[in-house]
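Throughout, read-outs are computed from the coordinates displayed, never taken from laboratory work. Everything numeric in this text was worked out from a predicted model, so none of it was measured. Every residue, glycine as well, gets a Cβ built from its backbone with ideal geometry; the counts of neighbours run over all protein chains shown.
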Amino acid sequence: MAGTLDLDACAREPIHIPGSIQPHGHLLAVEADSLRLVCASAEAETVLNRPPAEAFGLPVDRLIDAGSLVSLVRGLRAAPAEPVQLDILHLRGGGDFQAIAHRTGDLVILELEELAPTGVGTLEALYPQMREGIRRMQAAHDFDALLAITAEEVRSLTGFDRVLIYRFDEQWNGTVIAEDGNGNLPSYRGLRFPASDIPQQARRLYALNRLRLIADARYQPVPILSDRRGAPPLDLSFSVLRSVSPVHLEYMRNMGTPASMSISVMDGDRLWGLISCHNAEPRQVSFAVRTACDLLGQVLSSQMIALERALDADHRIRSKSTQARLLAHMAAAEHFIDGLGEDREDLLGLVNADGAAILFDGHCRLIGRTPPQEVVEAIAAELAGQGIKDLFASHQLPLEIPAAAGMERTASGLLAISISQLHPSYLLWFRPEIVQTIDWAGDPSKPLDSSGRLSPRNSFEAWKETVRGQSLPWRHGEIEAAGDFRNAIVSIVLRKAEEMAALNEELRRSNGELAAFSYSVSHDLRAPFRHVTSYAELLRSRAADKLNERERHYLDSIIEAASSAGRLVDGLLHFSQLGRTTLARVEVDVGRLVEEVRHLLEPDLQGRDVRWTVHPLPGVNGDPTMLRLVVQNLLSNAIKYTRDRVAPEIEVGCRTTADAHEFYVRDNGRGFDMAYAGKLFGVFQRLHREEEFEGIGIGLANVRRIVERHGGRVWAEGRLDHGATFHFSLPRSATAESR
């Protein structure tokens, strides 16, 4: 039979309706209302005292010759969905049978399983041993001790040669994590079994029916006969005698374990693992013993959950304390996000990582062992491209994020949280590769033998596999801590964003009022200053000969002061108008603009031989009139502050980044002290005396206002008597690239 099977067929096999049972008992199916027999195993004549074909249609109490039939009938009418033992039937013809029943649809299935002469028939007889076993399990204070005690107690109850506790991983491979044996069978502790050993439909059945016994893997299945023509096959999902797949029987024979029993260990609704019992010879254990083992399996499940919850609670308390310290650092920092990286140990210890990266507001800060910055930024870009807006966890990152390829030593594992709902900003934690050697019970990649025949396992000797590119998996508590921390950070970011929005709105309103006030004041002051200048000049032209030298000096001072005040007012008016004028954006050739301004400023050179270096400049999208004013102010300043140089030099160039064009104007002129750089772009701010260099101190303020209105920024670098460089950036435009 096994030679005709393949893996896919095995995975599709309807193992819950095999149409046969194991031969160490008999199966009867009766109608739930009338208790009339409709199905029976082929060898049930032993308990029916007639061939099954002659028994169909008769009520079960007229078919079985035993005592306690009244209680048996009462139990059948109240049978639950899962198997329960109703009684021990003593047939008058000889033999004791365990009467086990459960309901399926409109039928009740009664299974009469032979009770071995030495078998314990009731839970009452097992109670003292069970009580002691449960007490020992509940006293275990760690996971390993709990598993070891469970394996010992199950083997003590069942008498099997070997008891394994087998845990499934995320891919449904199973690893033996605890074992108790008497030496009759080899140890499998630490070995891993591939997911194909227990197909998906078998795992579903294990989760549904927690107990299964195969008393002798060499058995011949006993078919089930039916009197229900056209009815679907009998569902044996909860049957204790259900026949198993021939592939599994071959698997057992290859393993050298003719008898096996399994108890499912559940974590809620999920199949966590199995308690798997093996014997070197056929062995049958009573239903009472199996029920006791099922109870131990449930105690194991509850104790595991209790231990894991205790560990999670402890981790949660520690992580909350760590989070509180990190948040305190953030609150104390001038820029709150900078405070996040101040305590390296807490930031990494929160999730037990080796490295971290903070990407926020266009900046990237690396902490501990991480990939290079460009790789970190590429990983963050891929997370943003995948739409990760909350949390991402992986212990095999190079397989999931192409940007991490080759970064196994620092970034085999990644736990990432988004720390802004407004921008693609992330906090990333990294773990390095942990090279693992896995001991498989046979080569998991070779389920077929040399002839192409399905061979579940011909050899169970350890087969070693080295696994690379993976980190330690992130524990549930670590992922939960990261999620809680994200919520706290996002709340801070949103609160700061709301505060900034409110401040910006207030600033926008204040700026509007200030601009209106400046315009009004400067506009209204122009006429008085002009009148003062005009009347003073008129007085000087008509009465100069009547004034003495000191009086003429006073009059000249009035004219000069009024003219200077007028120029300041004109500058202020121009400055305020720049903030009110609508930008007329077009594509601007900055190189051509520089040449036009150079030509315009030639009279300012006063015959000096300036060495110009103008590099190729890209085009931008902007207001040409305003950008001309920017270039004119910067070149005019460069000409003015190099006039006392023997060999004046002016250089104009640009550096292009991913987001902006950064233009600069460099000269070898008077320069400035960087300690006063913050004053350069303020209104009416000057770093040189007017006697040395003329001007009213508003040109660079105009430059800043124009550039900022275009979405850019300005800055300057210089040294006194060693020249200066003025920079301004403008956002890149896809249609205004350099040709």
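Extension gain residue 167-residue 196, at 0.36 nm per residue separation less the Cα-Cα distance, in nm? Spell out each step's value before the answer.
On the way: separation 29, 0.36 × 29 = 10.44 nm, distance 1.46 nm.
Extra length available between residue 167 and residue 196 comes to 9.0 nm.
Taking 0.36 nm per residue of sequence separation and removing the Cα-Cα distance, the residue 127/residue 384 pair yields an extension gain of 86.6 nm. Where the alpha-carbon atoms of the range 355-431 are placed on the principal axes, they occupy 32, 22, 16 Å, in descending order. Listing 715, 429, 474, 272 from fewest to most neighbouring C-beta atoms within 10 Å gives 715, 272, 474, 429. What FRET efficiency, computed as 1/(1 + (r/R0)^6) with R0 = 22 Å and r the Cβ-Cβ distance, is obtained for residue 317 and residue 342, rounded to the nearest 0.05? Rounded to the nearest 0.05, the efficiency is 0.45.
Using a simple spin-label model with pseudo-atoms 7 Å out from Cα toward Cβ, residue 144 and residue 643 lie 8.6 nm apart. Both radii are taken from the alpha-carbon atoms of the range 581-731; with Rh as the Kirkwood radius, Rg/Rh is 0.94. Ranking of 141, 24 by neighbouring Cβ atoms within 10 Å, starting from the fewest: 141, 24. Residues in the range 282-295 carry Karplus couplings, in order, of x, 8, 10, 10, 5, 5, 5, 5, 5, 5, 4, 5, 4, 4 Hz; the curve used is 6.51 cos²θ - 1.76 cosθ + 1.60 with θ = phi - 60°, and Gly or Pro positions show x.
Extension gain, residue 557-residue 46: 0.36 nm per intervening residue step, less the Cα-Cα distance, totals 170.5 nm.
Put a dot 7 Å past the Cα of residue 302, heading toward its Cβ, do the same for residue 722, and the two dots end up 7.9 nm apart. Would you please give the FRET efficiency between residue 65 and residue 106, computed as 1/(1 + (r/R0)^6) with r the Cβ-Cβ distance and R0 = 22 Å, to the nearest 0.05? Using R0 = 22 Å, I get an efficiency of 0.25.
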